[in-house]
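Heads up, the thing below is written out as structure tokens.
The values are calculated or read from the model by the stated rules, or taken from the named source; none is laboratory data. A quick note: this is a predicted structure, and the numbers were derived from the prediction, not measured. Neighbour counts are summed over all protein chains in view; Cβ atoms, including those assigned to glycine, are modelled from backbone coordinates with ideal geometry.
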Amino acid sequence: MPFFGRRRKKEETPEVPRDEAPAVEEPVEDLDDLEDADEDAEEARQEAAAAAATDAALERTRRSFLGRLTEVFSADVTEDTWESLEEILIGADVGVPTTLEVVERVRSLNLRKADDVRNALAAELVAILEAVEEPRGRLWGPLPASYEEPPRPHIVLVVGVNGTGKTTAIGRLAWGYMQEGKKVVAAAGDTFRAAAIEQIQEWGERVGFEVIAQGQGADPAAVAFDAVQAAQARDADVVLIDTAGRLQNKQNLMAELSKVRRVIERHIPRGPDEVLLVLDATTGQNGLSQAKAFAEAVDVTSVMLTKLDGTGKGGIVFAIAKEFGLPVRFVGVGQRESDLAPFEPRSFVASLLGQPLPSGR
Ligand SMILES: Nc1nc2c(ncn2[C@@H]2O[C@H](COP(=O)(O)OP(=O)(O)O)[C@@H](O)[C@H]2O)c(=O)[nH]1
Ligand SMILES: [Mg+2]
């Protein structure tokens, strides 16, 4: 899997000019196979690295969650098992409705052995995450092989409450795209504070991408528009648009974000290819309800869950999937630019439960 979860289409093999063609029948397929093997190995390496980063970031959640789960699963399955399970899941921020549903489903299986309960729980948790995996945006997710990439520049609008990690997310996404050889332009669309503009400019200087900015107080839609135009002029691959996270009231927010969208659509009728909602895992259920305002204001396509490394409550991903119906695509796992990992439901649940899942479901 490439960093952004997109299946790369195989490039056409260039035709070999006649006079340079080798005398022997050229084993083009073999070369292709070798390249495929290289690509597969690289994908496997990236997947393993992402899984390891997520696993490390989940340390705190695992300590608070797994330790207690181990106790539950070391005793016989009784009435207490279900109560403890509910308590643990709610404690890990899975959320009350989601917890009650999961526990009820596992319980209704009438399993006797703690190990079987554990496996059934794992399957339920994976199912919650996989149920919302299908792509909404056009850029990432388990996209079908026949999938046509949208024309460049790809447009990503980044939204979320102040302090959740939007600007950092843009720095990291830019870094990730640049690792794949892509050219990135960012829009300093949080024009509310001068410091916000400087912050994204610093990221641009450090990582090496262009930032389109106007002064403090400028219209965010105008900045987004400039950035899209600049990206087209420079033949960039991706435009990442930062936004302000003020929640003064929902009407203002809706008006501001929908204006950004409208102005983009005036220039590129298909509009943003992804609207990424950035959520701070440490703010728990409270953060979720704030984020609902954003989900209602713009058509969010996917979620980045930041600061997973700073919380014991990584169970919030299940609440996001269940209550928002949104796929988590990335997790923030630390403070460096590379501390962004694509999200993978099975390895996430395996990490959370502290051991590999049984294969299949
Ligand atoms: N530990 C940790 N800190 C993060 C992560 N993502 C962002 N932060 C920090 O959260 C703070 C707010 O980030 P910022 O990008 O300015 O948030 P914004 O207001 O939404 O743009 C900064 O200090 C970031 O370094 C993460 O994944 N892990
Ligand atoms: Mg910001």
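Figures for the structure shown
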item: Count - residues of region 292-319 that are touching a strand residue (DSSP E or B) at 6+ places or on another chain (Cβ under 6 Å), part of a helix (DSSP H, G or I) and over 25 Å from W203 (Cα atoms); result: 1
item: Matching residues in region 158-169 - criterion: being touching an Asp or Glu at 6+ places or on another chain (Cβ under 7 Å) and more than 8 Å from ligand 1 (Cβ to nearest atom); result: V158
item: Criterion (within 14 Å of ligand 1 (Cβ to nearest atom) and touching a strand residue (DSSP E or B) at 6+ places or on another chain (Cβ under 7 Å)) met by exactly one of V211, V239, V223; result: V211
item: So E35, is it modelled with pLDDT of 85 or more and on the phi < 0 side of the Ramachandran plot; result: no
item: Tabulated pairs, region 149-169, first closer than 22 Å to G334 by Cα and free of Cβ contacts under 8 Å to residues at least 12 places away in the same chain, second of a type outside the set (K, R) and within 14 Å of ligand 2 (Cβ to nearest atom), C-beta under 7 angstrom, 6+ apart or interchain; result: none
item: Of all residues making up region 283-341, the number that are acidic (D, E) and surrounded by 21 or more Cβ atoms within 10 Å (Cβ to Cβ); result: 1
item: Residues within region 335-351 that are within 16 Å of ligand 1 (Cβ to nearest atom), in contact with a strand residue (DSSP E or B) (Cβ under 9 Å, 6 or more places away or on another chain) and of a type outside the set (D, E), tallied; result: 5
item: Test set (1) out of contact with any Gly (no Cβ under 6 Å at 6 or more places or on another chain); (2) more than 23 Å from T282 (Cα to Cα); (3) within 12 Å of ligand 2 (Cβ to nearest atom) - E149 fails condition number; result: (3)
item: Among residues of region 49-60, those that are touching a helix residue (DSSP H, G or I) at 6+ places or on another chain (Cβ under 7 Å) and either within 11 Å of I88 (Cα to Cα) or surrounded by fewer than 22 Cβ atoms within 10 Å (Cβ to Cβ) (or both), counted; result: 2
item: Candidates R266, R262, R246 - the one that is part of a loop (DSSP other than H, G, I, E, B), more than 25 Å from V96 (Cβ to Cβ), among the charged types (D, E, K, R) and more than 15 Å from the chain's Cα centre (by Cα); result: R246
item: Single match in G271, G284 (criterion: over 20 Å from E130 (Cα atoms) and either part of a helix (DSSP H, G or I) or among the β-branched types (V, I, T) (or both)); result: G284
item: Verdict on E130 being in contact (Cβ under 8 Å) with a residue 12 or more places away in the chain, farther than 22 Å from S338 by Cβ, surrounded by fewer than 18 Cβ atoms within 10 Å (Cβ to Cβ) and under 18 Å from the mean Cα position of the chain (by Cα); result: yes
item: Scan of region 170-186 for residues that are more than 13 Å from ligand 1 (Cβ to nearest atom) and over 15 Å from the mean Cα position of the chain (by Cα), ordered by number; result: M178, Q179, E180, G181, K182, K183, V184, V185
item: Matching residues, region 187-203, being aliphatic (A, V, I, L, M) and away from ligand 1 (no atom under 12 Å from the Cβ); result: A187, A194
item: Subset of region 33-65 [away from ligand 1 (no atom under 16 Å from the Cβ), of a type outside the set (G, A, S) and within 24 Å of the chain's Cα centre (by Cα)]; result: E39, D40, E42, E43, R45, Q46, E47, R62, R63, F65
item: Residues of region 176-223 that turn out to be touching a residue at least 40 places away in the same chain (Cβ under 8 Å) and assigned to a strand (DSSP E or B), as a count; result: 4
item: Of residues in region 245-255 being within 16 Å of ligand 1 (Cβ to nearest atom) and surrounded by fewer than 21 Cβ atoms within 10 Å (Cβ to Cβ), the one farthest from A291 (Cα to Cα); result: Q248
item: Hey, L240 buried (at least 23 other Cβ atoms within 10 Å of the Cβ), hydrophobic (A, V, I, L, M, F, W, C), away from ligand 2 (no atom under 13 Å from the Cβ) and under 21 Å from F343 (Cα atoms) or not; result: no
item: Odd one out for I200 among (1) more than 16 Å from ligand 2 (Cβ to nearest atom); (2) within 24 Å of L305 (Cβ to Cβ); (3) touching a strand residue (DSSP E or B) at 6+ places or on another chain (Cβ under 6 Å); result: (1)
